[in-house]
Structures are given as structure tokens and as C-alpha cells.
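K.L.:
Quick one: the structure is below, and I'll ask about it shortly.
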Amino acid sequence: MPLELDRRQVLAALAACGVTAACRPVAPPPPLAPVATIRPRPVPPPPTTTTTVPAGLPAGLPLARRFSFGPTPDLVAGAAAGVDAFFDAQLDPRRSEHPATSALVLDIDAAWAAAATVPAAGDAAAMGARRRAAATAAWSRSIALSAWSNLQLRQVAADFLSDHLHVSIAEQPSVFLVPTYDDQVIRAGALGRFADLLLASARSAAMLVYLDNASSRADRGRTPNENYSRELLELHTVGASGGYDEADVVEVAHVLSGWSLDPNTRRFVFRSAWHDLGPLERGGDVLGWRPSGGGVADGESFLNHLARRPATARFLCWKLARRFVSDTIATDDPLVADLATTYLREDTAIAPVLRHAARRSDRWGPKVRRPIDLVSAALRAGGPVPTPEQFRAAQPQLRGTLDTLGQLPWDWPAPNGYPESAGAWSGAGAMIARWNAATAAGTGFGGLPLHPGPTPRGLLGHEPGPALATAVRSVRGEGAIRSLTFASPEFQLR
């Protein structure tokens, strides 16, 4: 149904609801630096949200909402049985994807495969079309899986890791490699051992190209490229306070020199002729690790060493706690130490850390949905899995909405991934931008099927607060009910 409201009526209703203002990062990110220099990383402002968690939620709803992109009745029922039952069901290897979701993702991947042929040299129009197809495949498969996957725990973990081990579609030529990276590296390893995922990421075409290690040479006195070694230490493992220095960055670049790609297959190859240990040839160590002269095996050994460092455990678990527990968790919080202990005891496995965080609901603070979360939650609540044709019809409006909100999947230009805290998404125009997103979601983004007869309780999974209930009574039309509910403070929370 069309939205039977004018703009003034909806704005008045949203004002009555006290809609959360959280949207695009306040400052636009600076441009990327040249290849041979350190890439800038936008720094988010501190949290400023005042949204609070509703009291008296139905059993299972908080857990299902925190560890999925949006609660459904089946998901809530499973979560009501407790943390272990919920996690066991989500981690069950026999758990399969919805056939309709699989068909949708296969269609997205097929569209990318059809456009994947490299154009002839100088054909700028064809290259531009191929670039757009790659970007569309990357963000579309992320949104489709977030909204309609039956493997929600895997998807929320993959969303976190797509920021932690980030590769951007905003840059040539990594954009062409992200769809495969998303599927075969991030999602495939999201609930396994971080040590395995770190190695898979380091060997992936996407990461090798994005952070320039594919062309890094240390032979004949050359200086290897330090982009990947720097981000490996600062962003992927031990963190900026992890005890390394600039000399370590140089040494790591030497250890990983020669890690490259076959230009025809785009598969990992180790070019021994490009490899030289540099300063480490004369002795010394990096964070307690020493080479054994094994070429590519040295790099693999070093990545495994990094993954198991206590500093890596603390840094990764702090970031996981901020995503799944509270924005305000500090690095020295006892919960971070508890999660890090679990991480090390479980040989870097990610799923046990998430399970431990789920058991600590006493520490959960308000988590405002970032734009990707908000759009995915609205899609999950609003309607069934679309057909490929319906999804393609909605893609232009979906992309426009995510662009306006400032969080198109994989599009953050710097290696640090999208910011986490709610304060990073607040700005003067946030309320209007979220209203527009809620309106688009309420009407199916121009092509998606919608469940008939929406109610705030059905969309939220719990009874609405008095402000939302009153606002909904003042409007007409199913689209208006959906839009007001999606824009309400109750819906803004994970």
C-alpha cells in the first residue's frame, strides 16, 4: 500500500516517538594516501546516544536481537531455550540455508560472473560497468544474507570480521576481488579459528591487492611495501599498543615479501626470488618470534604466532565486546580479559568467545543499530525472502538508502572498517535520513514483497511503548505503520 501520509505528519509522529538520531559518520573520510605510504584511517567521535534498552522484553528476544540482524518468531523461540541451546542450533553443521536465500545469492553471484570478463585495454565504459557489477555483487550479497540468511550467527560474525579484516570496494582493483573474499574467506571462517582466518585473509587476492603485498619485493636491496605489515599489526592482531615498533613493521614486511598472486588465476603464490628476511637475517625477533629460514613457512609461522599472542586476544576480544556487549567497554575491562582467556583456551576459535559474550547479558549496554543493521532488520521484519527479480527491482533504492545513511557494505575507504560506536553515526541531518530510510523500508524499497497487516508488535517482537502506540494510531496505511515502527527508538536497538 502507498504511504498515506504527508511529510509533516510523519515528522510530527516521529518527533512524538523521540526517534534516535544516528546516521552517517560526522566527518567524511579523507582520501587514501599513495600506495607506498600509510593509509589514513578516519577516527570516529565518542558515543553520544541516549537510547535506552526497553524493560520487560519477552524471553529470548534480547539474545535473538543481539546475535542476529533481527529477531523472527523462530529465532526468538530458539533463544528462549537459553544461550547454549541457541548457539548449538546456530552452530549445528546440519543447519542449512533457506532455499530461497540460496537462490537469491546464486543469482547475485551469477550476475557478477557474467560481468567478470576483463574488457579490452582502453575500454573505459566496459571497465566501469564491470566495476559497478563487482561493487553491486559485494554489497548485495552482504545485505541479502544479513536480511534473510538462516545462519544468522555466522552472518553477524562475518559482518564484524568484514570490518576487522577490511577490504574496500571503493578502490581499484580490489573491488573486483571482494565478492569472492566475502564468500570464501570471511563467511567461510567467521565462526572458526581466528588463526586460520588470518592466514586465509593474508593469502587472499583481495587483501594482497588492497594492501599492496602482491607486489612487495625485498630482493636486490629493494625496500618491501609496508602497508600490509603495518595494518596486520595495528588493525588485525596485536593493536597499536601491542608492543611493536617501526623496526618491527619493517621486519614483518621482509618476512612477508614474495607473498603474491598468479596473474592468470589470481591465486596465491610465493615468489621466493622476491623474498629476503632483511634485518632478521642477522638475528633478532619480532614480538618473540624468530624465523627458521623456511621461506613461505616463515610467514605462515609468524601469522600463527600473531594470532595466539595475548595482545591479539585482548585487542580482538575488546572489539568483539564493543560490537556485541556495549560501546563503552574499555580495553582494561575484566570482561575483555575473560573473553581473551576463552579465546586462548579455545585455540583462537571465535564462536566460544561469542557464546561467552552472550552469557554476560548482565553487561549488555544499549547498542544502536548501525545503518546496515537497521536496513537488514527492517528487511527481516518487513517481508519474506524476495525472488531474484524482486530483489533486482529494489537494488537501486536499497543502494541509495545505504549510501545516504553512509554505510554501504564494504565501501568504507580505509583499512580500519566502519566505525562501531553510535556516536560515529550521529549528525544534524540524521533524523531526516533515518526517516527516509524507514519510509523506503516501509514500502519495500520499490520492489520487495511485504507481509500484510503489519503491527508494531509484530515488527518489533514486543509491545510498543506508549509514544509509538499513540503515533501509529494517528496515521493510516500499512506503509505508514511500518515506517513509523522502523524509525522508532524501539526498532533502533540491537
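K.L.:
Could you tell me whether the stretch 228-298 comes out rounded, prolate or oblate from its Cα gyration tensor? Rule is a ≥ b ≥ c as square roots of the eigenvalues, rounded for a/c under 1.5, then prolate if a/b exceeds b/c, otherwise oblate.
P.N.:
Working: a/c = 2.55, a/b = 1.39, b/c = 1.84.
Note, shape of the stretch 228-298 comes out oblate.
K.L.:
Now for a separate question. With axes computed from alpha carbons, what is the tilt in degrees of helix 296-307 against the longest principal axis of the chain, rounded to the nearest 10 within 0 to 90?
P.N.:
So the inclination is approximately 40 degrees.
K.L.:
Which value, in debye to the nearest 20, describes the size of the charge dipole of the chain about its Cα centre when Lys and Arg Cβ atoms bear +1, Asp and Glu Cβ atoms bear -1, and nothing else is charged?
P.N.:
Working: 49 positive and 46 negative charges, 186 e Å.
Once rounded to the nearest 20, the dipole reads 900 debye.
K.L.:
Another question, then. Would you work out if the stretch 96-353 is rounded, prolate or oblate? Take a ≥ b ≥ c from the square roots of the eigenvalues of the alpha-carbon gyration tensor; rounded if a/c is under 1.5, else prolate when a/b is larger than b/c, oblate otherwise.
P.N.:
Since a/c reaches 1.5 but b/c is at least a/b, the shape of the stretch 96-353 is classed as oblate.
K.L.:
Residue-wise, which Karplus ³J(HN,Hα) couplings in Hz belong to the stretch 409-419, taking 6.51 cos²θ - 1.76 cosθ + 1.60, θ = phi - 60°, and x for glycine or proline?
P.N.:
For the stretch 409-419, the Karplus curve yields x, 6, 9, 4, x, 9, x, 7, x, 4, x Hz.
K.L.:
Tell me the angle of helix 7-17 to the major Cα principal axis of the chain, expressed in degrees between 0 and 90 and rounded to the nearest ten.
P.N.:
On a 0 to 90 degree scale, this one is about 80.
K.L.:
In addition: Where in the stretch 64-110 are there chymotrypsin sites (Phe, Trp or Tyr not before Pro) that are in a DSSP coil and have at most 10 other Cβ atoms within 10 angstrom of their Cβ? Could the numbers behind the result be given before it?
P.N.:
Values: sites: 67, 69, 86, 87; in loops: 67, 69.
Sparse-neighbourhood loop chymotrypsin sites (Phe, Trp or Tyr not before Pro): none present.
K.L.:
Restricting to Cα pairs below 8 Å that are 6+ residues apart, what does the relative contact order work out to for the chain? Please round to a whole percent.
P.N.:
Working: 831 pairs, mean separation 131.8, N = 494.
Reported relative contact order: 27 percent.
K.L.:
Separate question: Would you mind classifying the stretch 66-200 by shape? Square roots of the alpha carbon gyration tensor eigenvalues, ordered a ≥ b ≥ c; an a/c under 1.5 is rounded, otherwise it is prolate if a/b is larger than b/c and oblate if not. Write out the running numbers ahead of the final one.
P.N.:
On the way: a/c = 2.87, a/b = 1.98, b/c = 1.45.
It is prolate, given that a/c is not under 1.5 and a/b is the larger ratio.
K.L.:
Among residues other than residue 382 whose Cβ falls under 15 Å from its Cβ, what is the net charge (Lys/Arg +1, Asp/Glu -1)? Mind showing how you got there, number by number?
P.N.:
Values: positive: 369, 380, 457, 482; negative: 373, 478.
Spelling it out: positives minus negatives among the neighbours equals +2.
K.L.:
Shifting gears a bit: How do 98, 305 line up, fewest other C-beta atoms within 10 Å first? List each step's numbers first, then the result.
P.N.:
Working: 98 14, 305 18.
Least to most surrounded, the residues fall as 98, 305.
K.L.:
When the Cα atoms of the chain are enclosed in a convex hull and the volume is divided per residue, what value in Å³ results?
P.N.:
Details: hull volume 71.7 nm³, N = 494.
Spread over its residues, the Cα hull of the chain gives 145 Å³ apiece.
K.L.:
Take the alpha carbon atoms of the stretch 256-298, find their center, do the same for the stretch 393-417, and report the distance between the two centers in whole angstrom.
P.N.:
36
K.L.:
Taking the dipole about the Cα centre of the chain, with the C-beta of Lys and Arg at +1 and of Asp and Glu at -1, give me whichever of 303, 394, 417 is farthest to the positive side.
P.N.:
With unit charges placed on the Cβ atoms, the residue in question is 394.
Computed from the coordinates by the stated procedures, all read-outs in this text should not be read as laboratory data. The model shown is predicted, which means the values in this text are computed figures rather than measured ones. We place every Cβ from the backbone using ideal geometry, glycine too, and count neighbours over all the protein chains shown.
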